[in-house]
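Just passing along the structure, written as structure tokens.
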């Protein structure tokens, strides 16, 4: 068995993890401030998906995969590119709005060998959340820059 190599340069540090929220059991739910959306192309393990990044306000899940997700965390949530209904309902959501997802039911696949469909309900609160701070989301701890007209131009 190969011995695990340890890089002493990183002594005392933990390797970071990419936190994801996964819909494992019916009833799993999450709501949070919508921060961004990106497209993740298909891989050998996953089809193409739209990845929504949320600052968590609350979760409801008994699944072990979601055990570490807590309020204030920034997590990713993948919605498959073929879930056109779900994606259409999220089309007009704006950065800073609170959005929510609830795993409501499973529809068995009609095609043998294909995965069942997870039915996800989406929710949105009108308006930008007062907790949304666009500066702090991109650069945690950053202070707003005060604009000054003290630079003369000649």
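Derivation of every value follows stated rules applied to the coordinates shown; laboratory data play no part. Keep in mind that what you see is a predicted model, and the values were worked out from it rather than measured. Every residue, glycine as well, gets a Cβ built from its backbone with ideal geometry; the counts of neighbours run over all protein chains shown.
Compute the convex hull volume of the Cα atoms of region 1-112, divide it by the residue count, and report the result per residue in Å³ as a whole number.
185
What FRET efficiency comes out for the pair residue 87/residue 6, r = Cβ-Cβ distance, R0 = 35 Å, nearest 0.05?
0.20
I'd like the FRET efficiency for residue 123 and residue 95, computed as 1/(1 + (r/R0)^6) with the beta carbon distance as r and R0 of 22 Å, rounded to 0.05.
0.85
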